[in-house]
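The values are calculated or read from the model by the stated rules, or taken from the named source; none is laboratory data. It should be emphasised that the depicted structure is a prediction, and the values quoted were computed from it without experimental measurement. Note that each Cβ is placed from the backbone with ideal geometry, even for glycine, and that neighbours are counted across all protein chains shown. Note: accessible area is taken over every heavy atom of the protein model, side chains too, but ligands, DNA and RNA are not part of it. Shrake-Rupley method; radii C 1.70, N 1.55, O 1.52, S 1.80 Å.
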Amino acid sequence: MRHLIRTTAIGALFVSSVVFATPRMTVDLTLPEITEGQYHRPYVAVWVEDAKGQTVKTLSLWVWDEGHKWLKDIRRWWRKAGREDMSFVDGIASATRPAGHYKIDWDLKDEAGKPLVPASYTVFIEVVREHGGRDLVRQTFDLAAGDFTAQLPATTETGVIDIRLSGMTR
Amino acid sequence: MKLRFVALVSALCISPFASSHDRWILPSHYNVSAESNEAVWITSDVSASNQVFMVDKPVTASDVKVYLPDGKPSSPSSSYTGGRKSVFDVQLLQDGTYKFEKEVTPRYFSVYKVKGKEEVVRSRLDKKATAAVMPKDAYDLKGSLTVARVETYVTRNKPTDKVLAPKGEYLELVPITHPADIVENEPATLQFVYDGKPVEGVSVAIMKDGSLYRNKPEEISLTSDKEGKVAMTLPAAGRYLLHASIERPSPDKSLADKTVSEIFLTFEAGLE
């Protein structure tokens, strides 16, 4: 098993050096500095849905390590992905982050590790803050249409978000 | 034949028992997340009112049934009856969807008039029993059977379907769109069945919370189609009260002329 992992890791390393052969999406997320009111680090979920609204992959889940009580407040993510399988949630959850820039990389594979079929998808970013607001922003993209870059304007709870799909076209 | 039909229709339209108050169960939470070993408290208000969710009449909570996600009936852990509302508490231990429901008790009501007197005399007995006790010069005896369901759904973690199934008696509401998945600006479908079969022509009124702070009730009115279904797309997230009703001629005319079956469902439309 360990041998297999090592082989796969080497394989991944090799593939990543061939830039054009690794289609990927990068979400460049900014959590803005908020100085007004009582500040708590936000709960953040970044995930992808297909054209029917079915979750394909949760890319990031940043929550307090305080049990599951508040997961429901990341409302759309909870309805679409979170409530389905709590052990999956435990597996992907990580700690909340302070204001700043974060790069989220996605290899265009679904939760089962299979590459996505070329079709239309939407990436969602949901940011919820205790005693603060909630913003849900989204970007639809078509894997069949190739590379793109998009910039989502800032909201109260999110700074400008850059989304880049690369490696689809040569 | 036509005349008789008209007479029957007009008799059905006179509804001296029509309750002017909506009854409802308003839970504190509709969807909760929790760890497997955690018990989650839900507290609910029970009241009857003209304004949506403005507590007014102390409808009892002592007869509330709690259907667990595995289908087993249970009871609230405690309840209280106050001057304007009742309250009951339930601890959610299982994952899945619970149904809170006030006990369904079909009730007979009859009315008649007495010669020389203006007002209508009301009776809580069926027609036969009322006929036996009413004065000799009474006339115009009419009776109805009313069945009211007062219900709501609460989900802990992943929603389940077991408690959504109809029991097969009188009017029932089957959520095609799961109550945990009703969301603003997204289409949702509900189905109505009568004695377990889809029923057309059910009048449905949907009212959003906060009518006290609006000049107009802003009620959404719908009627069930041939499959017993109504489709709705709610324009805003929030708590809603649904009132559905249908009148049918009673199977046993000696006891009641008509059967009035109604449902009061409280639900939440989530944020997108």
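For this structure, a couple of remarks:
- Whole-number percent relative contact order across chain B, with pairs defined as alpha carbons under 8 Å at least 6 apart: 18
- Segment A:115-134 residues near the modelled residue A:39 label - backbone nitrogen below 18 Å, point 7 Å along Cα→Cβ: A:127-134
- Segment residue A:162-residue A:112, extension gain: residue separation times 0.36 nm, minus the distance between their alpha carbons: 15.4 nm
- Convex hull volume per residue for chain B, taking Cα atoms only, in Å³: 159
- Residues whose placed amide H lies under 5 Å from that of residue A:64, excluding near-sequence neighbours: A:96
- For residue B:218, distant residues with modelled amide H under 5 Å away: none
- Using the rule -39500 (n - 2.57) for each DSSP H run of four or more residues, divided by the residues of chain B, the 222 nm mean residue ellipticity is -2000 deg cm²/dmol.
- Once both labels are positioned 7 Å from their Cα atoms along Cα-to-Cβ, the gap between residue A:66 and residue B:60 label points is 4.1 nm.
- Violating pairs (Cα-Cα greater than 21 angstrom) within the set B:127/B:197; B:102/B:226; B:117/B:142: B:127/B:197; B:102/B:226
- In the assembled protein chains, residue B:119 presents an accessible area of approximately 120 Å² (probe radius 1.4 Å).
- Length released on extending from residue B:252 to residue B:205, taking residue separation times 0.36 nm less the Cα-Cα span: 14.0 nm
- Taking only alpha carbon atoms, chain A gives an Rg to Rh ratio of 0.98, where Rh is the Kirkwood radius.
- Peptide B:26-32, shielding by other chains (average Cβ, 10 Å cutoff): 2
- 21 Å Cα-Cα reach of residue A:57 towards lysines, excluding residues that sit fewer than 8 places from it in its own chain: A:72, A:80, A:103, A:109, A:114, B:158
- Dipole check for the protein assembly as shown: with +1 at the C-beta of Lys and Arg, -1 at the C-beta of Asp and Glu, and the Cα centre as origin, the magnitude is about 1340 Debye.
- Two-site FRET efficiency, residue B:272 against residue B:125, from Cβ-Cβ distance with R₀ of 41 Å, rounded to 0.05: 0.20
- Here each label is just a point 7 Å from Cα along the line to Cβ, and for residue B:114 and residue B:29 those points are 5.6 nm apart.
- With respect to chain A, whose longest principal axis is taken over its alpha-carbon atoms, helix A:2-17 is tilted by about 90°.
- Taking 0.36 nm per residue of separation and subtracting the current Cα-Cα distance, fully stretching the chain between residue A:103 and residue A:154 would add 16.7 nm.
- Straight-line reach from residue B:216: taking Cα to Cα under 20 Å and skipping same-chain neighbours fewer than 8 places apart, the lysines in range are B:208.
- Karplus 3J(HN,Hα) series, Hz, for segment B:155-164 with 6.51 cos²θ - 1.76 cosθ + 1.60 (x for Gly, Pro): 10, 10, 6, 6, x, 10, 10, 3, 7, 7
- Between the amide H of residue B:227 and any residue lying 5 or more places away or on another chain, no distance stays under 5 Å, with hydrogens modeled in the peptide plane.
- Beta bridge orientation in segment B:174-269: antiparallel %, DSSP, nearest 5: 100
- Hydrodynamic radius of the protein assembly as shown by the Kirkwood approach over all distinct alpha-carbon pairs: 25.5 Å.
- Helix-only [θ]222 nm of chain A, DSSP H runs n ≥ 4, -39500 (n - 2.57) each, per residue, nearest 500: -5000 deg cm²/dmol
- For the set B:113/B:258; B:85/B:258; B:65/B:162, the pairs lying more than 20 angstrom apart at their alpha carbons are B:85/B:258.
- The residues of the protein assembly as shown have, on average, 52 Å² of accessible surface per residue, using a 1.4 Å probe with all protein chains present.
- Distance (nanometres) between label positions extended 7 Å along Cα→Cβ at residue A:22 and residue B:89: 5.5
- Taking every residue in A:67-76 and counting other chain Cβ atoms within 10 Å of its Cβ, the average works out to 5.
- Relative to the longest principal axis of the Cα atoms of chain B, the long axis of helix B:2-13 lies at roughly 50 degrees.
- Diffusion coefficient (Stokes-Einstein, Kirkwood radius over C-alpha pairs, 10 °C, 1.306 mPa s) for segment A:121-162: 138 µm²/s, rounded to a whole number.
- Using a probe radius of 1.4 angstrom, the carbon and sulfur fraction of the accessible surface of the protein assembly as shown is 53%.
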